[in-house]
Amino acid sequence: MFFFKKKYDLVELLQGFTDIHNHVLPGIDDGAAELNDTMQMIRAMKEIGIKDCIPTPHTMEDYYGNDAEVIREKYLHTLEELKSSDVSGFIAGVASEYMLDAGFEELLENKELLCLKDNYVLTELSYFQEPANLHHLVFDIQQKGLEPIMAHPERYRYVKSMETYMDWTGRGFLLQLNLLSLTDHYGKDAQRKAFALLEKDMYTFAGTDAHRLEHVDKIGCIRLDKKQFESTKKLMENHKLIFD
């Protein structure tokens with residue numbers, strides 16, 4: 001006799017969710033290439049229950065040429081183009097995903113950051129190695145009155161132990177789960193780490209990190225076992241309390 005565990009649909013948890021990490025603004029980074037892509041992604045997000053989103057284009061030294069002025073200009077232009085469409089009003093603000101590199105230090109010093117809701121700043125690390133000055137950076141961020149969010153910590157392959165994550169959170173980082181990490185989209189290692197961090201309640205936020213329509217569609221198909229669903233539910237409820 002075969003016994004099958006009941007599966008639960010992630011979309012049940014996406015109702016009323018604000019996506020704080022995505023790349024829906026067109027033609028500004030490696031996300032949506034043009035406005036039609038943006039509209040398709042937003043329609044798909046609405047279809048699976050996402051309430052609204054805050055786009056977070058990449059800001060990284062020597063890539064894309066993005067800064068606060070460029071991103072704001074693209075954001076306002078996109079809002080204008082969407083004004084009379086069926087997805088008008090879905091984009092609820094704009095921020096950026098900042099690579100913690102030498103260029104970020106200059107931006108931080110000059111207070112030229114686009115934050116998520118008040119003082120939350122979305123950050124990411126190199127996938128190859130942790131910055132040697134990471135501890136100084138997180139201290140400097142907090143000294144500016146900002147709260148750093150670490151995007152997709154489960155995806156950094158050089159992190160080999162839970163102690164590293166505990167060190168990051170102990171120093172002030174808030175961790176953000178990529179919802180696609182609940183699958184093997186980024187590999188089994190990222191998926192394993194995601195569920196381990198969920199089990200220990202170490203995430204504060206979640207995001208789609210959607211770069212294209214296929215990512216949204218894949219998120220809409222995610223199914224979890226009861227334990228995974230309950231851990232994710234707790235995270236999503238806490239997320240919604242802050243971004244309601």
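Taking only alpha carbon atoms, region 15-242 gives an Rg to Rh ratio of 0.94, where Rh is the Kirkwood radius.
Here is the list for region 1-49: GluC sites (Glu not before Pro) lying in DSSP coil, each with at most 16 other C-beta atoms within 10 angstrom of its C-beta, are Glu34.
Under 37 °C and 0.692 mPa s, how fast does region 94-181 diffuse according to Stokes-Einstein, given a Kirkwood radius computed over C-alpha pairs? Answer in µm²/s, whole number.
Details: Rh = 13.3 Å.
D, rounded to a whole number, is 247 µm²/s.
Pull up the DSSP beta bridges for the chain and report the antiparallel fraction as a percent, rounded to 5.
Taking every DSSP beta bridge within the chain, about 15 percent pair in antiparallel fashion.
Sparsely packed loop sites in region 1-80 (the trypsin sites (Lys or Arg not before Pro) outside DSSP H, G, I, E and B with at most 15 other Cβ atoms within 10 Å) comprise Lys5, Lys6, Lys7. For the residue pairs Lys193/Lys218; Lys160/Lys240; Lys5/Lys240; Lys200/Lys226; Lys200/Lys234; Lys5/Lys233, the C-alpha atoms sit more than 23 angstrom apart in Lys160/Lys240; Lys5/Lys240. Remark: Ser88, Ser181 ranked as Ser88, Ser181, counting other beta-carbon atoms within 10 Å and listing the fewest first.
Would you mind classifying region 144-244 by shape? Square roots of the alpha carbon gyration tensor eigenvalues, ordered a ≥ b ≥ c; an a/c under 1.5 is rounded, otherwise it is prolate if a/b is larger than b/c and oblate if not.
On the way: a/c = 1.45, a/b = 1.26, b/c = 1.15.
Rounded, since a/c falls under 1.5.
Add -39500 (n - 2.57) for each DSSP H run of 4 or more in the chain, then divide by its residues: what number comes out at 222 nm, to the nearest 500 deg cm²/dmol? If you can, show how the numbers build up before the last one.
Working: 9 runs with 96 residues, N = 244.
Estimated from H runs of four or more residues: -12000 deg cm²/dmol.
Of the chymotrypsin sites (Phe, Trp or Tyr not before Pro) found in region 23-80, the ones in coil according to DSSP and having at most 15 other Cβ atoms within 10 Å of their Cβ are Tyr64. About its Cα centre, the chain has a charge dipole of approximately 1400 debye under the convention of +1 per Lys or Arg Cβ and -1 per Asp or Glu Cβ, with nothing else charged.
Count the net charge of all other residues whose Cβ sits under 14 Å from the Cβ of Val11, scoring Lys and Arg as +1 and Asp and Glu as -1. Intermediate values should be presented prior to the final figure.
Values: positive: Lys7, Lys46, Lys51, Lys218, Arg223, Lys233; negative: Asp9, Glu12, Asp19, Glu47, Asp217.
The answer is +1.
Computed from the coordinates by the stated procedures, all read-outs in this text should not be read as laboratory data. Given the structure is predicted, the values throughout are model-derived calculations rather than measurements. Glycine also receives a Cβ, built like all others from the backbone with ideal geometry; neighbour counts cover every protein chain displayed.
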